[in-house]
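Below: one structure, written as structure tokens.
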Amino acid sequence: ETGVTQTPRHLVMGMTNKKSLKCEQHLGHNAMYWYKQSAKKPLELMFVYSLEERVENNSVPSRFSPECPNSSHLFLHLHTLQPEDSALYLCASSHYGTGNSPLHFGNGTRLTVT
Amino acid sequence: AQTVTQSQPEMSVQEAETVTLSCTYDTSESDYYLFWYKQPPSRQMILVIRQEAYKQQNATENRFSVNFQKAAKSFSLKISDSQLGDAAMYFCAYRGVGTNAGKSTFGDGTTLTVKP
């Protein structure tokens, strides 16, 4: 399998649940990203990992907890979310530090918090 | 901080016609990269075209081309011979170099409708 794969595609969770989003890339990239895409809002960068180290955390609430065990896998652990966290969560990868390296995105996880 | 503005929330074009999507950006850097991404209803965002700021020649990829005006900080996307499959949301994105290369700034997007 090639490219960037995200699971699950859809997720419905209650505010007290704990769930995790998974992302896997097979492109040999050294950086992975989490973006949040909400209706009527621009893409919001949440986290950036380069060589498994978090290099950017854009003031994301602690109820979102990223994990990058290796350069091919990225997780987003979710707990005690709020309804306003409902959105499309996109994972992407690229070559970090190379400005002309485009982002390669997964299909996203549509998250609904009830 | 860099900002990217797409002033057209929605655009429509007749099949086989040409459409231009606008994008302006603000930066104090002299070297950077600009991208157009396409997000169809299937949700996966894919790269359409990229432009390196130090190159004066406008990038072209088949039916897609850009009009890059560095002094005006403008980066428009032209789609020629529009096809039904071009219907999608299009995002303009800015990416710096060096220590700023890890972060891309996106515009709000333009939804393109292609009429048969």
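The values are calculated or read from the model by the stated rules, or taken from the named source; none is laboratory data. Just so you know, these numbers come straight off a predicted model, no measurement behind them. With ideal geometry, Cβ positions are generated from the backbone for all residues, glycine too; neighbour counts draw on all protein chains shown. Surface accessibility is based on the protein's heavy atoms, side chains included, excluding ligands, DNA and RNA. Shrake-Rupley method; radii C 1.70, N 1.55, O 1.52, S 1.80 Å.
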Restricting things to Cα coordinates, could you compute the convex hull volume per residue of chain A in Å³? 97
Residue of A:ALA39, A:ALA92, A:ALA31 that the Gaussian network model of chain A assigns the largest fluctuation, springs spanning Cα pairs under 10 Å: A:ALA39
Dipole magnitude of the range A:1-109 about its Cα centre, charges +1 at Lys/Arg Cβ and -1 at Asp/Glu Cβ only, in debye to the nearest 20? 340
Where Rh is the Kirkwood radius over Cα pairs, Rg/Rh for the range B:56-112: 1.01
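Taking 0.36 nm per residue of sequence separation and subtracting the Cα-Cα distance, how much length would be gained by fully extending the chain between B:THR5 and B:GLU29, in nm to one decimal?
Numbers: separation 24, 0.36 × 24 = 8.64 nm, distance 1.68 nm.
The span from B:THR5 to B:GLU29 would gain 7.0 nm if fully extended.
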Among A:ASN30, A:ASN100, A:ASN70, which one shows the biggest mean-square fluctuation in a GNM of chain A, springs joining Cα atoms closer than 10 Å? A:ASN100
Compute the distance in nm between two label points, each set 7 Å from the Cα along the Cα-to-Cβ direction, one at A:MET15 and one at B:ASN62. 4.7
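Probe radius 1.4 Å, ligands and nucleic acids left out: which of B:ILE79, B:ILE46 has the largest accessible area, and how do the rest follow?
In descending accessible area the options line up as B:ILE46, B:ILE79.
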Mind jotting down the three principal axis lengths of the protein assembly as shown based on Cα atoms? Whole angstrom, largest first. 50, 41, 33
Label A:ARG63 and A:HIS79 with points 7 Å out from Cα along Cα→Cβ: what is the distance between them in nm? 1.3
How are the C-alpha pair distances of the range B:17-116 spread across 5 Å bins, as whole percents from the shortest bin up? 3, 13, 25, 24, 19, 10, 5, 1, 0, 0
Taking +1 at the Cβ of each Lys and Arg and -1 at the Cβ of each Asp and Glu, which of A:PHE75, A:SER20, A:THR98 sits farthest along the dipole of chain A towards its positive end, judged by Cα position relative to the Cα centre? A:SER20
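Please report the buried accessible area for the interface of B with A, total over both chains, probe 1.4 Å, in Å² to the nearest 100.
Interface between B and A: roughly 2000 Å².
Starting from 0.36 nm per residue, how many nanometres of slack lie between B:GLU52 and B:GLU17 once their C-alpha separation is accounted for? All intermediate terms of the calculation are to be shown ahead of the outcome.
On the way: separation 35, 0.36 × 35 = 12.60 nm, distance 2.73 nm.
Result for the pair: 9.9 nm of gain on full extension.
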Apportionment of accessible area to carbon and sulfur, chain A, percent (1.4 Å): 48
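Is there a pair in B:LYS38/B:LYS73; A:LYS36/B:LYS38; A:LYS22/B:LYS38; A:LYS18/A:LYS40 whose C-alpha atoms are over 18 Å apart, and which pairs would that be?
On the way: B:LYS38/B:LYS73 21 Å; A:LYS36/B:LYS38 16 Å; A:LYS22/B:LYS38 23 Å; A:LYS18/A:LYS40 27 Å.
Violating the 18 Å Cα-Cα cut-off are B:LYS38/B:LYS73; A:LYS22/B:LYS38; A:LYS18/A:LYS40.
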